[in-house]
Amino acid sequence: MALQSTHLPVTVCDHPLLQHNISILRDANTSHERFRNTVRRVSMFILQEATRDLPLCKAYIETPVSKAETRILSSETPIIITPILRAGLMMSDVAMDLIPSASVYHVGLYRDEETLRPITYYNKLPSTIDYSQARIFLLDPMLATGGSAIAAVDIVSKLGVQLSNIYFVCIISAPEGIQNLTTQYPGIKIYTGAVDERLNDKAYIVPGLGDAGDRMFGTV
Ligand code: PRP
Ligand code: URA
């Protein structure tokens, strides 16, 4: 997949099929069902890119024909998928298909629409496991002000995940959110399908796709 670089510290996945599908998400006439299916399709492309540097180790197996040296995911590198509720849920279906051995721990956050500050209402990440080698994929389709992303990174970095092992995977991002997140947490990795123009006065991404959670779940 070709990757587009911007002046921002982010990897923009620029595959034509991904961009085609993001147009479906942006279209206000897209139904909830089509929106959900398209989020899954788009997530596949971005996650393929975000997982590109996962470490492999040698393994020895027998094919029906001969012995073979092959490469598999290293069991010394725990992989954690953390969807940010609600909207990250559809992305986690795809991440679990791609990495069946990963552990999935959910975090629930919503943005208070008055203050725009994130409210954490659920956190299933255990404090009892060793995160020092873990790679963690934080999934949320939207990176707007960056407040929710920063709250999620706060949680996982306090648990001991190294910043360079944190992957924030989103579909649409705003320059303001990327700046805020990387200023607070330089060194984390951000993968996105698009960097849009700006935020509007209600901190919605322009042109964006509206409220991702509402469009996914048919709520208003
Ligand atoms: C949306 C989105 C992000 C957040 C982004 O969630 O899924 O979590 O807003 O905005 P920010 O970068 O300004 O924090 P929302 O608060 O609508 O919650 P929901 O997923 O439950 O609908
Ligand atoms: N959350 C969304 O779902 N969409 C935006 O444009 C901003 C925050």
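Give me log10 I(q)/I(0) at q = 0.13, 0.17, 0.18 Å⁻¹ for the chain, Debye formula, one equal scatterer per alpha-carbon, no solvent.
-0.72, -1.21, -1.36
Give me, ordered by chain and number, the residues 5 or more places off LEU85 or on other chains with an amide H under 5 Å from its own placed amide H.
The answer is VAL107, GLY108, LEU109.
Can you give me the solvent accessible area of GLU76 with a 1.4 Å probe, rounded to the nearest 10 Å²?
Answer for GLU76: close to 150 Å² accessible.
Determine the dipole magnitude for the range 11-125: charges of +1 sit on the beta-carbon of Lys and Arg, -1 on that of Asp and Glu, nothing else is charged, the reference point is the Cα centre, and the result goes in debye to the nearest 20.
Numbers: 13 positive and 13 negative charges, 21 e Å.
Dipole magnitude for the range 11-125 comes out near 100 debye.
Roughly how many Å is it from the Cα centre of the range 192-220 to that of the range 139-179, as a whole number?
Taking the Cα centre of the range 139-179 as reference, the centre of the range 192-220 is 16 Å away.
Kindly report, to the nearest 10 Å², the accessible surface of ILE155 as traced by a 1.4 Å probe over protein heavy atoms only.
30
Considering the convex hull of the alpha carbon atoms of the range 1-103, report its projected area averaged over all viewing directions, in nm², one decimal.
9.4
Please enumerate, by chain and number, the aspartates and glutamates with C-alpha under 14 Å from the C-alpha of LYS202, excluding those fewer than 8 residues away in the same chain.
Within reach: ASP112, GLU113, GLU114, GLU176, ASP211.
Say we join alpha carbon atoms closer than 10 Å with springs in a Gaussian network model of the chain; which of THR145, THR30, THR128 then has the biggest fluctuation?
Taking springs between Cα atoms under 10 Å, the residue moving most is THR128.
When the dipole is taken about the Cα centre of the chain, and only Lys, Arg (+1) and Asp, Glu (-1) are charged at their Cβ, what size is it in debye, to the nearest 20?
Values: 19 positive and 22 negative charges, 66 e Å.
Magnitude of the dipole: close to 320 debye.
So which lysines can LYS58 reach, going by Cα to Cα under 19 Å and dropping same-chain residues fewer than 8 places off?
LYS67
If you average the C-alpha positions of the range 82-138 and of the range 1-66 separately, how far apart do those two centres end up, in angstrom?
18
For the range 25-160, give the share of DSSP beta bridges that are antiparallel, in percent and rounded to the nearest 5; count only bridges with both residues there. Walk me through the intermediate numbers first.
Details: 12 of 21 bridges.
Percentage antiparallel, nearest 5: 55.
Can you tell me, using C-alpha contacts under 8 Å and at least 6 residues apart, the relative contact order of the chain as a whole percent? Kindly include the intermediate steps, with their values, before the conclusion.
On the way: 425 pairs, mean separation 47.1, N = 220.
Relative CO of the chain lands at 21 percent.
Determine the gain in length on full extension of the stretch ARG40-PHE217; use 0.36 nm per residue of separation and subtract their C-alpha separation, reporting nm with one decimal. Can you show the working numbers first?
Numbers: separation 177, 0.36 × 177 = 63.72 nm, distance 1.37 nm.
Length gained between ARG40 and PHE217: 62.3 nm.
Tell me, what is the 1.4 Å probe accessible area of ARG198, in Å² to the nearest 10?
Accessible area of ARG198: about 110 Å².
The values are calculated or read from the model by the stated rules, or taken from the named source; none is laboratory data. What you are looking at is a predicted structure, and each value in this text was computed from that prediction instead of being measured. Cβ: placed from backbone, ideal geometry, glycine included. Neighbour counts: every protein chain shown. Protein only, heavy atoms only, side chains kept; ligands, DNA and RNA dropped before computing areas. Shrake-Rupley method; radii C 1.70, N 1.55, O 1.52, S 1.80 Å.
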